[in-house]
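Here is the structure we will look at.
Derivation of every value follows stated rules applied to the coordinates shown; laboratory data play no part. Keep in mind that this is a model prediction, so the values were computed, not measured. Backbone-built Cβ (ideal geometry, glycine too); neighbour counts: all protein chains shown.
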Amino acid sequence: MGKNDKLSFYVKTPLIFVQESFSSHIEIFEQVYEQALELGWVRSDFLERIKEREDMFPTGIQLEKFGAAIPHTDAECILTEFVAVITNKKPVQFTSMEDKNKKVITDVVFILGLNQPHAQLEMLQSLMKLLQNDNILEEVLAAKDSEQLLHAIKKNEK
Amino acid sequence: MRKIKVLVACGAGIATSTVVMKRIEDLLQDNNIDADVQQIKIAEAVSKQEGADMLISTTILPTQYKIPAITALGYISGIGADKLDKEILELARSVDQ
C-alpha cells in the first residue's frame with residue numbers, strides 16, 4: 001500500500017473537528033466548506049452541491065454500535081483532495097443511505113472530498129474497515145484533539 | 001456458463017461503489033463466475049440495465065428496474081455482508097438457467 005492510498009494521507013488537520021456540537025448536518029457542511037474554501041481546496045459551489053447531493057442520495061450508515069455518515073459530492077468541486085473528519089459530542093441526524101424514511105444518529109462524519117473516481121480504492125477500503133471496527137472507532141470518538149484522532153486512524157492502517 | 005454483466009451503482013459513482021465493485025469482482029472471481037462488473041451512477045441505471053443481469057446499489061433505488069436489483073449497504077456497514085454475498089452468488093448462478 002503506497003502512502004497516498006492511506007486514509008491518514010487525506011485526513012488533514014485543518015479539516016478535523018473534534019468533539020463538536022453542531023445542530024444539523026447543514027451546519028457541519030457549512031463549517032467544512034468555510035474552512036476548505038479558505039484553504040482553496042474546494043470550489044465555491046461545493047456547499048450547495050453537497051447539500052443537494054445529501055438530500056438526493058443520503059449517506060447515513062447505521063453501524064453495529066455507532067452511527068456514521070460519509071457525505072461527498074461531484075469530483076469537479078474538489079480542487080485538493082481531502083477527507084474531513086467530524087466527531088460529534090452532540091449526535092447529528094442524517095438520513096439513511098438505504099432508506100429515506102430512516103434516520104441515523106451520527107457520532108462521526110467523514111466528508112469525502114475526492115476528485116479521481118475509482119482511484120482511491122485502498123483509501124476507501126481502509127475507511128470502510130475503520131467503520132467496521134468498533135474498537136478503533138471508539139478511539140476516534142474519544143480523541144480530544146486532531147493529533148489523537150489521526151493517531152487512532154493510523155492504528156487502523158497497521 | 002456465459003459471462004454475466006453486473007452494474008454497481010452509488011449516488012455519485014465515486015465512493016461507495018468503488019469499494020463495493022472490488023468486493024463483487026473478488027466474490028465472483030473466487031467463485032469462478034465470469035463477470036463484467038461496471039461502476040455507474042444510480043441515475044444511469046435505467047439506461048444501462050439493457051443487457052445487464054443485475055444491479056447492485058449502495059444507495060436507495062429511485063425506481064423499479066427490469067433486472068434484479070439489490071441494495072448492498074451491508075458491504076459498507078459490515079452488517080449482513082455474508083448474507084449479501086450469498087444472495088448475489090445465488091442470483092449470479094441463476095442467470096444462465
Practice prompt. Can you tell me the relative contact order of chain A? Whole percent, Cα pairs under 8 Å, sequence separation 6 or more.
Written response: 28
Worksheet item: Rounded to the nearest 20 Debye, what is the dipole magnitude of region B:58-97 about its Cα centre when Lys and Arg each give +1 and Asp and Glu each give -1 at the C-beta?
Response: 120
Worksheet entry | Neighbour-count ranking [beta-carbon atoms within 10 angstrom, fewest first] of A:Phe9, A:Phe22 | A:Phe9, A:Phe22
Worksheet item: Net charge near A:Lys89, counting Lys/Arg +1 and Asp/Glu -1 over other residues with Cβ under 11 Å of its Cβ?
Response: 0
Worksheet item: Counting partner chain Cβ atoms within 10 Å of every residue's Cβ in B:73-81, what's the average?
Response: 5
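Could you work out, residue by residue across B:37-48, how many beta carbons of other chains sit within 10 Å of that residue's beta carbon, and then give the average as an integer? Before the final figure, lay out the partial values.
Working: counts 0, 0, 2, 0, 3, 2, 2, 0, 0, 0, 0, 0.
Across B:37-48, the average partner-chain Cβ count within 10 Å equals 1.
Based solely on its DSSP helices, what 222 nm [θ] is calculated for chain A when runs of n ≥ 4 H residues each add -39,500 (n - 2.57) and the sum is averaged over all residues, nearest 500 deg cm²/dmol?
-11500 deg cm²/dmol
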Worksheet, complete the sentence: Of the candidates A:Val92, A:Gln62, A:Ile26, the farthest towards the positive dipole end of the protein assembly as shown (Lys/Arg Cβ +1, Asp/Glu Cβ -1, centred on the Cα centre) is A:Gln62
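What's the magnitude of the charge dipole for region B:4-91 around its Cα centre, counting Lys and Arg as +1 and Asp and Glu as -1 at the beta-carbon? Answer in Debye, nearest 20.
Using only the charged Cβ atoms, the result is roughly 340 debye.
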Item to complete: Please build a GNM for chain A, connecting alpha carbons under 10 Å apart, and tell me which residue among A:Asn135, A:Asn115, A:Asn101 fluctuates the most.
Response: A:Asn101
Worksheet entry | Size of charge dipole - chain A - debye, nearest 20, with Cβ of Lys, Arg +1 and Asp, Glu -1, no other charges | 380
Discussion item. For A:Ser24, B:Ser57, A:Ser146, which order do you get if you count the other beta carbons within 10 Å of each Cβ and list the fewest first?
Written reply: A:Ser24, A:Ser146, B:Ser57
Worksheet item: Taking the Cβ-Cβ separation of A:Glu48 and A:Thr80 as r and a Förster radius of 25 Å, what is the calculated FRET efficiency to the nearest 0.05?
Response: 0.85
Item to complete: Enumerate the calculated ³J(HN,Hα) couplings along region B:46-63 in order (Karplus 6.51 cos²θ - 1.76 cosθ + 1.60, θ = phi - 60°), each rounded to whole Hz, writing x wherever the residue is Gly or Pro.
Response: 4, 7, 9, 6, 4, x, 9, 9, 7, 10, 10, 10, 9, 10, 4, 7, x, 8
Worksheet, complete the sentence: Looking only at lysines whose Cα falls under 27 Å of B:Lys3's and that sit 8 or more positions away or on another chain, we get B:Lys22, B:Lys41, B:Lys48, B:Lys66, B:Lys83, B:Lys86
Worksheet entry | Shape call, chain A: gyration tensor on alpha carbons, a/c limit 1.5 | rounded
Worksheet item: All other residues with a Cβ under 12 Å from the Cβ of A:Thr13 taken together, and with Lys, Arg as +1 and Asp, Glu as -1, what is their net charge?
Response: -1
